[in-house]
Amino acid sequence: MPDDSGAPGISGVVDWRLLEAAAVAAMRNAYAPYSKFPVGAAALTLDGRIISGCNVENASYGLTLCAECALVGSLHMTGGGLLRAFYCVDAQGSILMPCGRCRQLLYEFHAPGMEIMTTQGIKTMDQVLPDAFGPQDLEEPR
Ligand code: THU
């Protein structure tokens, strides 16, 4: 569980171009016949893996799975762990901000200090989802 107070922090340099390429490759696998808005997401895990995901839509529109859903599934299917850096793109390969629900999905698995490439440059998870509700809120009765 992420713990911003004392857990091992992130270190090293993030290869953002590699993450961008992984996100673009993931976007090409998107199933988005309804919105025609393919999305690809990629992340670097704390232990150095690159994982990715694409959006998968459904004829029952509300059941659409965002690219980040596939990404967190992949995180666990490939060994679990925490997210160190994240990059999301649209069909043009332009940076896309994760939607609110997906920020919450990412928050669950963020390493302390996790970085997100945004349209305004690199930001931290805490900047894009301030005062977040998370696993820490379930730890003990208030
Ligand atoms: N989408 C994502 O995959 N991730 C986001 O963070 C934003 C939105 C998808 C959902 C839907 O398939 C399409 O983009 C249009 O909303």
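The values are calculated or read from the model by the stated rules, or taken from the named source; none is laboratory data. Keep in mind it's a predicted model, so treat the numbers as computed, not measured. In this analysis, Cβ positions are derived from the backbone assuming ideal geometry, glycine residues included, and neighbour counts consider all displayed protein chains. Only protein heavy atoms, including side chains, enter the accessible area calculation; ligands, DNA and RNA are left aside. Shrake-Rupley method; radii C 1.70, N 1.55, O 1.52, S 1.80 Å.
How many residues does region 65-79 contain that are of a type outside the set (Asp, Glu) and buried (at least 16 other Cβ atoms within 10 Å of the Cβ)? Don't jump to the end; show me each part of the working.
So in region 65-79, the residues of a type outside the set (Asp, Glu) come out as 65-67, 69-79.
In the following step, the residues that additionally are buried (at least 16 other Cβ atoms within 10 Å of the Cβ) were identified as 66-67, 69-72, 74-75.
Count: 8.
The residue of region 72-102 that is farthest from residue 18 (Cα to Cα), among those that are touching a Ser or Thr at 6+ places or on another chain (Cβ under 7 Å), among the aliphatic types (A, V, I, L, M) and in contact (Cβ under 8 Å) with a residue 40 or more places away in the chain, is 82.
Applying the set (1) buried (at least 17 other Cβ atoms within 10 Å of the Cβ); (2) modelled with pLDDT under 95 to residue 82 leaves exactly one unmet item: (2). Residue-level check: of (1) out of contact with any helix residue (DSSP H, G or I) (no Cβ under 7 Å at 6 or more places or on another chain); (2) within 16 Å of the ligand (Cβ to nearest atom); (3) not aliphatic (A, V, I, L, M), residue 93 misses just (1).
Give 47, 126, 137 a once-over and let me know the one that is assigned to a loop (DSSP other than H, G, I, E, B) and of a type in the set (Asp, Glu).
Numbers: 126 fails: assigned to a loop (DSSP other than H, G, I, E, B); 137 fails: assigned to a loop (DSSP other than H, G, I, E, B).
Exactly one of 47, 126, 137 is assigned to a loop (DSSP other than H, G, I, E, B) and of a type in the set (Asp, Glu), namely 47.
Kindly provide the set of residues from region 96-113 that are open to solvent by less than 30 Å² (accessible area, probe 1.4 Å) and either under 20 Å from residue 38 (Cβ atoms) or more than 16 Å from the ligand (Cβ to nearest atom) (or both), ordered by number.
As a first pass, look at region 96-113 and keep what is open to solvent by less than 30 Å² (accessible area, probe 1.4 Å): 98, 102, 106-107, 110-112.
If the condition is that a residue be open to solvent by less than 30 Å² (accessible area, probe 1.4 Å) and either under 20 Å from residue 38 (Cβ atoms) or more than 16 Å from the ligand (Cβ to nearest atom) (or both), then 98, 102, 106, 111, 112 are the ones that fit.
Taken over region 85-95, the residue count meeting the criterion of being under 14 Å from residue 67 (Cβ atoms) and open to solvent by less than 40 Å² (accessible area, probe 1.4 Å) is 6.
Residue under question is residue 32, and the condition is that it be over 22 Å from residue 15 (Cα atoms) and surrounded by fewer than 13 Cβ atoms within 10 Å (Cβ to Cβ); does it hold? Let's see the steps before the verdict.
Numbers: over 22 Å from residue 15 (Cα atoms): yes; surrounded by fewer than 13 Cβ atoms within 10 Å (Cβ to Cβ): no.
Spelling it out, it is not the case that residue 32 is over 22 Å from residue 15 (Cα atoms) and surrounded by fewer than 13 Cβ atoms within 10 Å (Cβ to Cβ).
Taking region 41-55 as the range and being within 16 Å of residue 25 (Cα to Cα) and either under 10 Å from the mean Cα position of the chain (by Cα) or open to solvent by 60 Å² or more (accessible area, probe 1.4 Å) (or both) as the test, the residues that pass are 41, 42, 43, 44, 50, 51, 52, 53.
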